[in-house]
Amino acid sequence: MPMPSRSGLPAGTTVDPNSYIGTNLKAVYARIIAAAEKCGRDPASIRLIAVSKTFAADRIGAAHAAGQRAFGESYAQEAIEKMPQLPGDIEWHFIGPLQSNKTRGVATHFTWVHSVDRLKIAQRLSEQRPEDMLPLQICLQVNVSGESSKSGADPEQVAALARAMAALPRLRLRGLMTIPEPTDDQILQRQRFASLRNLRDNLAAGGLDLDTLSMGMSDDLEAAVLEGATMVRVGRAIFGQRP
Ligand SMILES: *Cc1c(COP(=O)(O)O)cnc(C)c1O
């Protein structure tokens, strides 16, 4: 796990001053560190997932050269085409909507899947995860905003779903993920993230060992860190506006 150092980048990395991506990464790490310090958390307990969907392999390579190792992708085919062009030490996180006919590529190419919101998808991922790979690390995606957001399980169903997913042999349920509706209202942002944390705490009290809260993006990562995020998924603040 890369540990943000004081300079804001994983320890031991040097930043190419000519790389805007390196500069942006440093600024995002500085935001994570500032938010963590505000609430007395260890910044090293928060991982940055650089969301590289729609960006070409050379942009990902620039982030890799600046020290970033965990990348998030939303489209299976696009990601699988970029992977062979990039170094083998990248940890790939699938974060997009997942249809049944796309599970095999995800089960064979990714280390993490953050966006599992149905048992049927989890079962397919478990069946299709190759025996010679480590179990697939997954998060259960929850819809904490009600109707205004389409993806994610209903909070009422989370306990039963989490228990069923945790029992699948080739998966390891690590925690919960959410994408709240976009809002500038920082109080509302924190309420949404707090409700995901409460769901996780309830599951933990029920005996499930969950260490991950995947929440926070370019515009709301501070609120997510203040409410306990352990992974933030950041795209535009690193790579710029998506084409
Ligand atoms: C695109 C995406 C992100 C990154 O969003 P930005 O606003 O670019 O930081 C994070 N999570 C998911 C699930 C995404 O699809």
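Quick check, is ILE179 crowded, with 16+ Cβ neighbours inside 10 Å, under 19 Å from ALA153 (Cβ atoms) and within 13 Å of the ligand (Cβ to nearest atom)?
Details: crowded, with 16+ Cβ neighbours inside 10 Å: yes; under 19 Å from ALA153 (Cβ atoms): yes; within 13 Å of the ligand (Cβ to nearest atom): yes.
So ILE179 passes the test.
What pairs come up if the first residue lies in region 36-59 and is under 25 Å from GLY240 (Cα atoms), the second is among the polar types (S, T, N, Q) and exposed (fewer than 15 other Cβ atoms within 10 Å of the Cβ), and their beta carbons are under 7 Å apart, counting only those six or more places apart or on different chains?
That search, which allows pairs on different chains as well, returns ALA57/GLN85.
Which of (1) closer than 18 Å to VAL232 by Cα; (2) within 16 Å of the ligand (Cβ to nearest atom); (3) in contact (Cβ under 8 Å) with a residue 24 or more places away in the chain; (4) surrounded by fewer than 23 Cβ atoms within 10 Å (Cβ to Cβ) does CYS139 not meet, given it meets every other one?
Unmet for CYS139, out of (1) closer than 18 Å to VAL232 by Cα; (2) within 16 Å of the ligand (Cβ to nearest atom); (3) in contact (Cβ under 8 Å) with a residue 24 or more places away in the chain; (4) surrounded by fewer than 23 Cβ atoms within 10 Å (Cβ to Cβ): (4).
Answer yes or no as to whether ASP185 is away from the ligand (no atom under 14 Å from the Cβ), surrounded by fewer than 16 Cβ atoms within 10 Å (Cβ to Cβ), acidic (Asp, Glu) and under 20 Å from the mean Cα position of the chain (by Cα). Even if it seems obvious, please write down each step before you answer.
Numbers: away from the ligand (no atom under 14 Å from the Cβ): yes; surrounded by fewer than 16 Cβ atoms within 10 Å (Cβ to Cβ): yes; acidic (Asp, Glu): yes; under 20 Å from the mean Cα position of the chain (by Cα): no.
Taking the combined requirement at face value, the residue does not satisfy it.
Scan region 79-90 for residues that are surrounded by fewer than 16 Cβ atoms within 10 Å (Cβ to Cβ) and closer than 18 Å to THR103 by Cα and jot them down. Reasoning before the result, please.
Taking region 79-90 and keeping what is surrounded by fewer than 16 Cβ atoms within 10 Å (Cβ to Cβ), we get 81, 84-85, 87-89.
The answer is GLU81, and nothing else.
Using beta carbons and a limit of 8 Å, which pairs, at least six apart or on different chains, have the first residue in region 94-107 and basic (Lys, Arg) and the second one within 14 Å of the ligand (Cβ to nearest atom) and part of a helix (DSSP H, G or I)?
LYS102/ALA76
Can you tell me which residue is nearest to the chain's Cα centre (by Cα) among those in region 104-150 that are small (Gly, Ala, Ser) and within 18 Å of ARG174 (Cβ to Cβ)? Even if it seems obvious, please write down each step before you answer.
Quick first cut of region 104-150, residues small (Gly, Ala, Ser) only: 105, 107, 115, 122, 126, 145-146, 148-149.
Then keep just the ones that are within 18 Å of ARG174 (Cβ to Cβ); that gives 107, 115, 122, 126.
Working: ALA107: 16, SER115: 9, ALA122: 17, SER126: 19 Å.
Per the criteria, the residue is SER115.
Which residues, taken from region 76-110, are farther than 16 Å from ILE60 by Cα and away from the ligand (no atom under 16 Å from the Cβ)?
SER100, ASN101, THR103, ARG104, GLY105, ALA107, THR108, HIS109 - these are the residues of region 76-110 that are farther than 16 Å from ILE60 by Cα and away from the ligand (no atom under 16 Å from the Cβ).
Looking only at region 62-78, filter to residues that are among the small types (Gly, Ala, Ser) and buried (at least 17 other Cβ atoms within 10 Å of the Cβ); which one of those is nearest to the chain's Cα centre (by Cα)? Spell out how you get there, then give the answer.
Our first condition is that a residue be among the small types (Gly, Ala, Ser); within region 62-78, this holds for 62-63, 65-67, 70, 72, 74, 76.
Add one more test, that the residue is buried (at least 17 other Cβ atoms within 10 Å of the Cβ), and what stays is 62-63, 66-67, 70, 72, 74, 76.
On the way: ALA62: 20, ALA63: 17, ALA66: 19, GLY67: 18, ALA70: 9, GLY72: 7, SER74: 11, ALA76: 15 Å.
The extreme case among them is GLY72.
What is the one condition in (1) under 16 Å from PRO155 (Cα atoms); (2) under 15 Å from the mean Cα position of the chain (by Cα); (3) more than 9 Å from the ligand (Cβ to nearest atom) that LEU203 does not satisfy?
(2)
Could you go through region 98-105 and let me know if any residue there is surrounded by 15 or more Cβ atoms within 10 Å (Cβ to Cβ), under 20 Å from SER218 (Cβ atoms) and modelled with pLDDT of 95 or more. Step through it out loud before you land on a result.
First, pick out the residues of region 98-105 that are surrounded by 15 or more Cβ atoms within 10 Å (Cβ to Cβ): 98, 102-105.
Then drop every residue that is not under 20 Å from SER218 (Cβ atoms), which leaves none.
Scanning region 98-105, I find no residue that is surrounded by 15 or more Cβ atoms within 10 Å (Cβ to Cβ), under 20 Å from SER218 (Cβ atoms) and modelled with pLDDT of 95 or more, so the answer is no.
The values are calculated or read from the model by the stated rules, or taken from the named source; none is laboratory data. Every value quoted in this text rests on a predicted model; they were computed, and no experiment measured them. A quick note on method: Cβ atoms are made from the backbone with ideal geometry, for glycine too, and the neighbour counts reach across all protein chains shown.
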